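Here is the structure we will look at, set down as structure tokens.
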Amino acid sequence: MENNQVHEHEQSTASGTVPPASAKKTVTITDGAVEYAKKRLAQRGTPDAAVRLGVRGGGCSGFSYVIEFADEPPRERDLVFEAGGVRFYVDKKSFVYLAGSALDYEKTLVFQGFKFKNPQEASRCGCGHSFTVR
């Protein structure tokens with residue numbers, strides 16, 4: 001599977017599911033995540049909307065990932081990434097915790113959806129939605 005390693009307003013290609021340590025200023029969006037985003041945006045009737053990626057304090061381990069649809073334009077301090085024709089917004093505070101990570105799509109018997117693979121995670125809660133950082 002090919003991954004889309006994206007920089008602010010720039011797109012290039014990289015391999016592997018988690019970017020190398022040298023890719024700390026990027027967020028990698030896998031092809032599976034791009035296709036899932038396109039499918040979900042089309043299902044809600046907003047194929048031109050964006051996907052907002054973020055991190056919030058809380059959850060059982062200290063931080064929780066946030067993945068939301070964004071119908072509005074990016075906020076003034078957002079970083080805007082594009083992969084496969086889908087726009088992803090990341091606020092600068094969240095980017096501190098997401099830099100170097102990969103957004104993937106996963107489908108198992110018990111879970112279907114987006115999943116972050118973040119090298120900055122020190123541990124993850126059993127629920128899979130909250131984490132601590134190194």
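No lab work stands behind these numbers, since they all come straight from the coordinates. The shown structure was predicted, so the numbers you read here are calculated from the model rather than taken from an experiment. Note that each Cβ is placed from the backbone with ideal geometry, even for glycine, and that neighbours are counted across all protein chains shown.
Things to note:
- Residue pairs, from the table LYS25/LYS107; LYS25/LYS117; LYS39/LYS92, whose Cα atoms sit over 19 Å apart: LYS25/LYS107; LYS39/LYS92
- Per-residue Cβ neighbour rank within 10 angstrom, fewest leading, ILE29, ILE67: ILE67, ILE29
- Taking every Cα-Cα distance in the range 30-134 and sorting them into 5 Å bins from zero, the calculated P(r) comes out as 2, 12, 22, 25, 20, 14, 5, 0 percent.
- In the range 20-115, the trypsin sites (Lys or Arg not before Pro) that fall in loop regions by DSSP, at most 13 other Cβ within 10 Å: LYS24, LYS25, ARG44, ARG75, ARG77
- Cβ-based net charge around PRO47, under 12 Å, with every Lys or Arg adding one and every Asp or Glu removing one: +3
- Under Karplus coefficients 6.51, -1.76 and 1.60, residue-wise ³J(HN,Hα) of the range 93-106 in Hz, glycine/proline x: 5, 5, 4, 4, 8, 9, 4, x, 8, 10, 9, 10, 10, 10
- Among the GluC sites (Glu not before Pro) found in the range 48-97, those both in a DSSP coil and sparsely packed, with 11 or fewer other Cβ atoms within 10 Å of their Cβ, are GLU76.
- Rounded to 0.05, the FRET efficiency of the ARG134 and LYS92 pair, given R0 = 22 Å and the Cβ-Cβ distance, is 0.65.
- Between ALA122 and ARG77, the C-beta separation translates, for a Förster distance of 25 Å, into a calculated FRET efficiency of about 0.40.
- Here the simple spin-label model places points 7 Å from the Cα toward Cβ, and for LYS25 and THR108 these points are separated by 3.5 nm.
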